[in-house]
Each structure stands twice: as C-alpha cells, then as structure tokens.
Amino acid sequence: MNIVVLDAYTCNPGDLSWDGLRALGPCDIYDRTPRDQVVPRARNAEIVLTNKTVLDRDALASLPELRYIGVLATGYNIVDVAAARQRGVVVANVPEYGTPTVAQAAFALLLELTNHVGHHAQTVREGRWSASPDFCYWDYPLIELASLTMGVVGLGRIGRAVAQIARAFGMTVLGYDRYAPRVAPDEVRLVDLDQLFRQSDVVTLHCPLTEENRGLVHAGRLALMKPSAFLLNTARGGLVVDEDLACALNEGRLAGAGLDVLSVEPPPPDNPLVVARNCLITPHIAWATRAARARLIHTAVENIRAFLRGQPVNVVT
C-alpha cells in the first residue's frame, strides 16, 4: 500500500513523528509539493495525504492507482470531491482535532483587539513606562467583553466552543448556521444572518468555505455592522472580500478585525488588509498548536486504518 504525503511540513515541521503512518506501508513524505510535481510524486500512490496541496479533476485523472485521499485538515475544498467520487476514490478529513485550539486563537485575536496587550507590552520594553509621569497609561480604549454581544457564524464544533467561551466572559451570544440545528446550543439565540451582523459587537466566522458562501462578508454586509464592532475570521479567507473589509476599516466604519486567514495564502504584498487600520493578521496558525497537530496526525492514521479494514470513517460528501 503505497502512501504519499504531499505537504507534510506545516503539519509536522519535525516536532512530531510519522512512525504511525510508516507502519501502514511504504511512505514518501514531502515537505512541500509544487503543483507541477503532484502527479509525478503521487502517480503510483494508492493513498495520498494532503493539507493545502490542490488535488483537482485533472490531477485525479492522472493518478490511476489512487484509492484514498486523506485531508490533513477539517476543510477539504482543496480536493475536487465530485471528481474523486466519480472515480470511486474515498476522501476523508479530520473534523475534530482543532476545536479547542481554534477557539482559543479566536479569543487571542479578540483580546488583543480589546486589550492591546502586545502593543502595551512593547511600549514597556521600549522604556515608556519607566519614563511615564503617571503610574499607568493606555494608547487605545480598553474594552470589557462582559455584556457585549458576539455573533457566531457557523455552529459546528468550533463555533459552539467559541460560544461557550463567550458565555464564560459574560457575553450575549447570537448564532447563525446555514443548517440551523433543531435545538440551539445552550444560551445561544438563533437569528438570521443580517440580524446577526446588525446586532453583534463581535462577529466571528466558523463555517467551511463553499461556492455558496464565498464572499459572505462583503461591503453590503459590513455596512450592517456597528462602527464599534469587530470581525474575526479563523475559518477560511475566501469568506471575506478583502478589499471591502480593508475599506471599511480604513474609513472607520468598523473598529477592527482579527484574521488568521486571507483569500490568497501567502498573501501578495499588495493585499490591502496587510496595511489596513486596526487589522491584526496572523499567518494561518489558529490550528497549529503541537497538541492539535498531534491529534491531526493520529486521527489521519486512524482514518487510513479504518479504510484498510473496509470501514472508512470521516468520509466527506
């Protein structure tokens, strides 16, 4: 059973082990795979693992031995699932590995936007507190989360975890999900999407990227938000129209944004969000704690074991 990992480095830059995968059969593990090397490297593989390397219809048509694709992530938009299904190729993802880590990252961004801890710590390092005539100072309004309203777009595992943390901070929580649950999570009030954007002090995105919701956050929807509100995106960059968000921030129609993802990654230097007013951007690391990556690899291996037993799990549709 030949196994190929197309882009192993971001998942495991050397602090974890691939031994569990190697125990399943011969493995070729590549840190990164350029687009023109996908087919040559995977041509004889029956099992391919990918994180962000695209497996489109053309690539799949050129991989005659392929039986299984394991996505080293929860989102699987980098695989042409319809083409895989037509070929009889199983596609599986890892749906739960990052829930606590991504929820934590969302609040790390929010707390920096509201408390500006990093900024003020840097001013102390630069000597400003030592030279201050007062016992304290702050450069931005410091905002208390208790009593604010958080709107959670997407009530899957991560969205529900974020809602739970928000409630622990004393926030009111509104929720929207395209597939509305029959019963809302505890203390989450279900509303329609425009109402959520209109009423929330913080809007946080936790939904997969699909053709239906690409550009979900556009100029019209941003215009619904309070000028004092914040937008968080730790889901997928394509959910937001970069230019529209940058314009809202720069014109003061939105107080700030905390983003871990952008529409193109890595971003081109001229992406307007990189220099937008009060826009915090981290390099797609919300998922990347060691604990989460260890769970990711373990589950990916268990997914393959289940497939080899003829009982595949975590199969995407």
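The values are calculated or read from the model by the stated rules, or taken from the named source; none is laboratory data. None of these values were measured; they are calculated from a predicted model. Counting neighbours? That spans all protein chains shown, and the Cβs are built from the backbone with ideal geometry, glycine included. Keep in mind that these areas ignore ligands, DNA and RNA; they rest on the heavy atoms of the full protein, side chains included. Shrake-Rupley method; radii C 1.70, N 1.55, O 1.52, S 1.80 Å.
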Among strands (runs of 3 or more DSSP E) entirely within segment 173-268, at least 3 residues that are crowded, with 17+ Cβ neighbours inside 10 Å occur in 202-205, 230-233, 256-259
Leu142 passes all but one of the listed conditions (1) open to solvent by less than 60 Å² (accessible area, probe 1.4 Å); (2) touching a helix residue (DSSP H, G or I) at 6+ places or on another chain (Cβ under 8 Å); (3) under 22 Å from Ala255 (Cα atoms); (4) not small (Gly, Ala, Ser); the exception is number (1)
Per the filter on segment 86-119, residues open to solvent by less than 30 Å² (accessible area, probe 1.4 Å), of a type outside the set (S, T, N, Q) and out of contact with any helix residue (DSSP H, G or I) (no Cβ under 8 Å at 6 or more places or on another chain) are Ala105, Leu109, Leu110, Leu113, His116
By residue number, the members of segment 120-136 that are among the hydroxyl-bearing types (Ser, Thr, Tyr) and open to solvent by 50 Å² or more (accessible area, probe 1.4 Å) are Ser130
Expected single match for within 25 Å of Pro283 (Cβ to Cβ) and among the β-branched types (Val, Ile, Thr) among Val191, Val203 is Val203
Taking the condition open to solvent by 10 Å² or more (accessible area, probe 1.4 Å), at pLDDT 95 or above and either over 24 Å from the mean Cα position of the chain (by Cα) or of a type in the set (Val, Ile, Thr) (or both), does Leu60 pass? no
With criteria (1) under 19 Å from the mean Cα position of the chain (by Cα); (2) surrounded by fewer than 22 Cβ atoms within 10 Å (Cβ to Cβ), Leu72 comes up short on (2)
Within segment 281-299, residues under 23 Å from Phe230 (Cβ atoms), open to solvent by 50 Å² or more (accessible area, probe 1.4 Å) and aliphatic (A, V, I, L, M) come out as Ile281, Ile285
Quiz item: Would you say Gly118 is among the small types (Gly, Ala, Ser) and in a helix (DSSP H, G or I)?
Solution: yes
| query | closer than 30 Å to Val79 by Cα and out of contact with any His (no Cβ under 7 Å at 6 or more places or on another chain), is that true of Leu155? | reply | yes
(1) more than 21 Å from Ala235 (Cα to Cα); (2) touching a residue at least 60 places away in the same chain (Cβ under 8 Å); (3) part of a helix (DSSP H, G or I) all hold for Pro100 apart from (1)
Review point. With respect to Arg87, is the statement that it is free of Cβ contacts under 8 Å to residues at least 40 places away in the same chain and more than 25 Å from Gly238 (Cβ to Cβ) true?
Key: yes
Selection status of Leu142, more than 23 Å from the chain's Cα centre (by Cα) and of a type in the set (A, V, I, L, M, F, W, C)
yes
- request: Using the structure shown, decide if Thr204 is at pLDDT 95 or above and more than 22 Å from Arg236 (Cα to Cα).
  value: no
Matching residues in segment 145-172 (assigned to a loop (DSSP other than H, G, I, E, B) and either of a type in the set (A, V, I, L, M, F, W, C) or open to solvent by 10 Å² or more (accessible area, probe 1.4 Å) (or both)) number 9
